[in-house]
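Student: Below are the structure tokens for one structure; questions will follow.
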Amino acid sequence: MNYPVITEEVLGTVQGKLWSRRRRRDDVPALPPGAVYVFRVGGNYRVFPEGMVFDPSHPDVLDASSVSLVDTRARLVEVERTLPSVSEADNFTVHASFTCQVTDPTIIARQGVIDVAEPLRAYLLADSDLPRVSAGHRVEEINAVRAEVARRMTAYSAVVPPRVAGMSVEFVSAEVSTSESLRAWEEALRNQRRTGQLTQLEMDVETQTAARIAEVLAQGSNHVDAFGIARAEIDVTEAAARIHRITEENASRQGKEDAADRAHARAQETAETQMRRDMVLTLLRQMGGSDHFVDYHQVLEQVLQDAGGAPAVGSNTAHAPMVGPGTAGDIASAQKKHATSTKDRREGFVQNEDDLVD
């Protein structure tokens, strides 16, 4: 959009008599809000009275050779200038903002200021010291350049204020930006960092969720069922039936294990008993072929004691030695006598009738 001169139109000569001369309304462009007509009459520029209804028979309208539409509203205008950096491959761009408002439309129309940005850009380029502000900095040091450019522009506009004839112009601010390549690079780095942070956050959330689930699982199946019921992912009836079934299976398995343990204990006890019997028989066979006297009763008691059995009732550990020297006949006689006396002592019978009389 052009500013402050919106458009310029050449007007043809109006033919006719003096009292009947009128310019056609279509010959003059429509006036937008905030703008005024400036007619060129001869060598002069005249503003059509603001607020007055357009009159095609007005003398200025009839005698004008051209018309200019001038925007009189205040506008914010921005101009740019490129500044160097340490590297020849990179540079800075200064964006200077100015407020502008037309004070004399006739001067603006005479000078034909269609784009006020042109004289403001020339004003910005006129500061020969501005490039020195950024020449010693790298593009990464843009914040420092911004501060120095802002101070320089404030001082420059105070000493040499911007001027455009027919307008009031004031410096507002100066912003510094980097090249498009550096901006794209910084955006790529930023996006990569954000992606990494998002990925790390997702991993942390997954780790925390897994830890919570592990805690729930560690508390047993009942707690897992309760957790699922609370989240409406498990039906209460199904959970109860499953718990009942698992309880019955555990009880059945425990019963089988107990029965197996008892059977194993009985088998072990039977094996130990048989082992003791075999040991006794083996020992007796070995002693039966010996030429020495053997006290079988005492041997049996000793074997039972060593094998974990209880000693026989009435046994006498201080008895004569289990085996002594002698012939085979003596040994057999002694064995028979010892067995008879031992039996008599154990049973407590009277052997002879004479024993009843003192």
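Student: How many angstrom separate the Cα center of the stretch 115-177 from the Cα center of the stretch 201-257?
Tutor: Comparing the Cα centres of the stretch 115-177 and the stretch 201-257, I get a distance of 71 Å.
Student: What FRET efficiency do you get for Asp129 and Ala165 if R0 is 22 Å and r is their Cβ-Cβ distance, rounded to the nearest 0.05?
Tutor: Values: r = 26 Å, r/R0 = 1.17.
The formula returns an efficiency of 0.30 here.
Student: Kirkwood Rh over Cα pairs of the stretch 4-83 into Stokes-Einstein at 37 °C, 0.692 mPa s: D in µm²/s? Don't skip to the end; give the middle numbers.
Tutor: Details: Rh = 14.0 Å.
In µm²/s, the coefficient is 234.
Student: Calculate, in nm to one decimal, what Arg190 and Asp55 gain on full extension: separation in residues at 0.36 nm each, minus their alpha carbon distance.
Tutor: Values: separation 135, 0.36 × 135 = 48.60 nm, distance 6.18 nm.
My answer for the length gained is 42.4 nm.
Student: Could you tell me which GluC sites (Glu not before Pro) in the stretch 141-236 are loop residues by DSSP with no more than 11 other beta carbons within 10 angstrom of their beta carbon?
Tutor: Working: sites: Glu141, Glu148, Glu170, Glu175, Glu180, Glu186, Glu187, Glu202, Glu206, Glu215, Glu233; in loops: Glu233.
Passing both the DSSP loop test and the Cβ count: Glu233.
Student: Another one. Would you calculate the separation in nanometres between label points at Leu284 and Asn222, each defined as 7 Å from the Cα along the Cα-to-beta-carbon direction?
Tutor: For the pair Leu284/Asn222, the computed spacing is 5.9 nm.
Student: Compare the peptides 32-43, 190-201 by average per-residue count of other Cβ atoms within 10 angstrom and give them in order, highest first. Intermediate results must be reported in sequence, preceding the final value.
Tutor: On the way: 32-43: 16.2, 190-201: 10.0.
My ranking of the peptides, most packed first, is 32-43, 190-201.
Student: Also: What's the FRET efficiency of Val236 with Glu257 using the Cβ-Cβ distance as r and R₀ = 41 Å, to the nearest 0.05?
Tutor: Working from the Cβ atoms, E equals 0.85.
Student: Sticking with this structure for a sec: Give me the mean projected area, in nm² to one decimal, of the convex hull enclosing the Cα positions of the stretch 156-276.
Tutor: Approximately 22.1 nm², given one-decimal rounding.
Student: With r as the distance between the Cβ atoms of Leu76 and Glu141 and R0 = 41 Å, compute the FRET efficiency 1/(1 + (r/R0)^6) and round to 0.05. Don't skip to the end; give the middle numbers.
Tutor: Values: r = 28 Å, r/R0 = 0.69.
Computed FRET efficiency for Glu141 and Leu76: 0.90.
None of the figures in this text is laboratory data; all of them are computed from the coordinates on show. Quantities reported herein were computed from a predicted structural model and do not represent experimental measurements. Using ideal geometry, Cβ is built from the backbone for each residue, glycine included, and neighbour counts are taken over all protein chains shown.
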